[in-house]
Every structure is written in structure tokens, then in C-alpha cells.
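The values are calculated or read from the model by the stated rules, or taken from the named source; none is laboratory data. All values derive from a computational prediction rather than experimental measurement. Here Cβ is always computed from backbone atoms with ideal geometry, including for glycine, and neighbour counts include all displayed protein chains.
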Amino acid sequence: MPKRQSLWKRETQCLVCEHKMNNYQAMAKSQSIEYDKWLVGHSRGLGDYDDYPSTLKTTVCPNCLMASNEYSFGVDNYKYFTRNMRKNGELVEMFKETEQGRFKALAREFASLEDACAILDLEKGKPANMRCRATLEKVWRERDKYGERFFTMLLSEPRDYATALVCFALDRHCQMLRLGYEKDIQYDANNPEDVHQKVKEFFEGTRLEMKSAETRLFYIATNYQQCIQFIDEMLEHIPPQNREKYEERKKLYAREAFDFYRYSYANEDMTAIPLEFKEGGIGYLLCLFYRERGEMEEATRYLRIAKRYADNTLKKISTTNQQNFINWVDDLCKELLAPEGEGVQPAQA
Ligand SMILES: [Zn+2]
């Protein structure tokens with residue numbers, strides 16, 4: 001029996017240029033969300049529904065390349081960047097002036113994936129040079145003529161892993177631009193590398209003193225974690241001799257994820273963390289990263305935060321995701337924390 005399709009393509013208007021763009025949603029009550037060990041959410045089809053594919057999480061405007069991984073971006077509650085209309089207008093202006101930067105982010109990411117694109121295109125029987133830098137630059141130069149049609153085709157479903165990685169890179173870039181606007185960070189907004197670097201310098205420099213909720217930090221970290229999983233899936237298609245650079249990229253993404261989780265924790269922003277795991281969730285994630293780095297003192301410090309949260313707040317709640325979380329924390333405790341009483345000499349009678 002073929003599965004029922006859960007994908008629902010909603011046409012919406014770009015928040016920046018008002019062009020039509022597609023937002024991919026799942027049919028109502030067709031999915032449940034499972035969190036993996038890195039607290040990245042994955043949709044699982046309920047009943048006879050298909051899984052909703054993670055590769056479609058990003059909504060991208062084919063005209064100005066505005067992008068977001070927010071589920072309902074451009075529709076319903078996300079019809080504006082913010083409820084503050086003055087700020088909203090300023091954000092629209094900022095994004096109008098930074099189209100060139102978004103194109104650079106897209107072209108750079110595709111160029112770095114060129115070998116993978118060629119292989120994936122071959123499998124799909126598509127022309128192999130469609131996503132190379134020269135084609136993209138030509139289309140961008142003459143985008144009044146056929147840019148919108150080309151990018152619509154390029155970014156529509158189904159998206160392979162290379163396209164999904166590019167869309168996620170666009171989301172990160174746009175999230176960082178919004179952070180920069182919020183915090184008044186000075187950068188060259190049309191240079192994605194400069195934006196990235198200045199945002200990180202800002203949060204490194206002021207961390208632990210910021211204390212202003214900023215959900216984007218957690219979103220960016222999760223974006224990197226999801227991209228590591230896309231690369232893993234993509235590697236199944238890549239010949240072994242080409243894999244090394246992607247292994248390097250995974251390490252780079254893991255370092256980036258770690259940095260943005262740290263900033264998230266330092267800002268005491270817990271609102272974006274799924275299922276009300278709050279400081280327990282971020283403590284658990286930071287424990288995983290410090291453990292991988294071999295920094296055990298830090299790992300156990302954050303694990304204690306997660307354990308306290310799991311014991312005091314979560315024990316009464318009973319979804320599978322929450323139960324999984326408690327189990328993961330308990331497993332880490334068995335591994336990293338000395339059993340109670342160990343090392344303490346029993347009192348002599
Ligand atoms: Zn647009």
C-alpha cells in the first residue's frame with residue numbers, strides 16, 4: 001500500500017519583496033515529532049502518512065533568496081518579521097539591501113558542493129552543470145529575465161541533500177542578519193563571511209553578560225546539527241575518495257553548533273529548546289560536546305544541570321521524547337558521574 005502524501009505546499013508572499021514563495025507544511029495530524037540524541041526534531045508519519053522530509057524545512061524566496069527554517073515562515077503567525085511595525089519595516093529594508101549577500105551565500109555553498117551535485121544530478125538524470133558557479137552567476141546577472149523561474153525550479157521539492165544544505169546555509173545567513181539587526185552589530189551585510197565572523201565575535205566578547213532572550217542562537221545551532229545529518233546521508237552517494245572534505249566539514253559544523261549552543265546558554269535563552277527541556281536540554285547538549293572534546297570537568301558540570309532538571313521537573317511528564325531524554329541523561333550519569341558514595345570511606349565503627 002502506498003503511503004499517503006503528507007506534504008502540503010502553501011503559496012505565500014515573500015516578507016521582503018512580496019514575490020510568491022512556497023512554504024512546505026505537513027498535513028494536519030499527519031506527523032509526530034521525534035527528537036534524536038542531539039535534540040534535532042524529525043517528523044514521523046502517523047498512520048499511513050509519509051514522513052515529512054527535513055530537506056524541505058527551509059522556505060526560500062526564488063526572487064530575493066530570503067530564507068527561513070521557521071515552520072510557518074510567511075504564513076499565519078509569521079506574516080511579519082516582528083509585531084513591531086517600525087522594526088518590521090526596518091528589517092524589510094535591511095533585507096532588500098542585502099540580496100547580493102544572499103546570492104553570495106547560495107553560490108558559495110553550491111560551489112563547495114559541486115562534486116556532490118554532479119553525482120546527485122547524474123543519479124536523477126538532471127543536467128550536471130545546472131548548479132555550478134558559472135550558471136548561477138549568469139542567471140543572477142540576468143535574473144530579471146529568468147532568475148525567478150530558475151530559482152523556483154532549483155529550490156522546489158524534491159530537494160536533494162546538496163540543495164537542502166544550501167537552503168540551510170541561507171537560513172543561517174538570514175538568522176545572523178536578524179541577530180545583527182537586533183544587537184546592532186556592525187558588519188558588511190553583503191559579505192556572508194563577514195556577517196558570520198562579526199556575529200561570533202560579538203557573542204564571544206559579551207557572553208555571560210548578555211542575558212537577553214535570543215532564540216536565533218539555538219536555531220542556528222540546531223541548523224548545523226541537522227546539516228551534519230544531511231552530510232551523513234549524502235555521503236552514502238559519494239565515492240570514498242571524495243569523502244574526506246565532507247568529514248572535515250562535519251567537524252567544522254560540530255564546532256559551530258557547539259559555539260552557538262554556548263551562546264544560547266550564556267544568554268539564558270531557553271524558549272527555543274524543544275519540549276520545555278529548558279536548561280536541562282541545553283545542559284545535556286553542552287555535556288555531549290564537552291565529553292567529545294575530552295573536557296570532562298565541564299561535561300560533568302553541565303550534566304549535573306541536566307540531571308537536576310530531569311529529576312525535579314521532568315519525572316512527572318510522560319511523552320516518549322521526554323522519556324528518551326531522561327534515559328539519555330541517566331546513561332550519561334552512569335558513564336560520567338561516580339556512583340554516589342564512591343571514594344568516601346565508610347566511617348569507622
Ligand atoms: Zn523575496
Boolean, V166 is in contact (Cβ under 8 Å) with a residue 40 or more places away in the chain and closer than 15 Å to S68 by Cβ: yes
Counted residues, the range 50-86 - those being assigned to a strand (DSSP E or B) and small (G, A, S): 2
Among (1) surrounded by 13 or more Cβ atoms within 10 Å (Cβ to Cβ); (2) in a loop (DSSP other than H, G, I, E, B), the one test that P127 misses: (1)
Test for F258: is it within 12 Å of the chain's Cα centre (by Cα) and touching a residue at least 12 places away in the same chain (Cβ under 8 Å): no
Yes/no for K87 being under 21 Å from T215 (Cβ atoms), more than 21 Å from the chain's Cα centre (by Cα) and of a type outside the set (A, V, I, L, M): yes
Some residue of the range 50-59 being within 16 Å of the ligand (Cβ to nearest atom) and within 20 Å of the chain's Cα centre (by Cα): yes
Selected residue (criterion: surrounded by the fewest Cβ atoms within 10 Å (Cβ to Cβ)) from residues of the range 3-24 that are within 16 Å of the ligand (Cβ to nearest atom) and assigned to a loop (DSSP other than H, G, I, E, B): E18
Members of the range 25-49 that are among the acidic types (D, E) and in a strand (DSSP E or B): E34
Positions within the range 182-222 being assigned to a loop (DSSP other than H, G, I, E, B), of a type in the set (S, T, N, Q) and at pLDDT below 90, in sequence order: S212
Some residue of the range 35-58 being touching a residue at least 12 places away in the same chain (Cβ under 8 Å), in contact with a Cys (Cβ under 6 Å, 6 or more places away or on another chain) and surrounded by 14 or more Cβ atoms within 10 Å (Cβ to Cβ): yes
Qualifying positions in the range 230-284 - in a helix (DSSP H, G or I), polar (S, T, N, Q) and surrounded by fewer than 17 Cβ atoms within 10 Å (Cβ to Cβ): Q241, N242
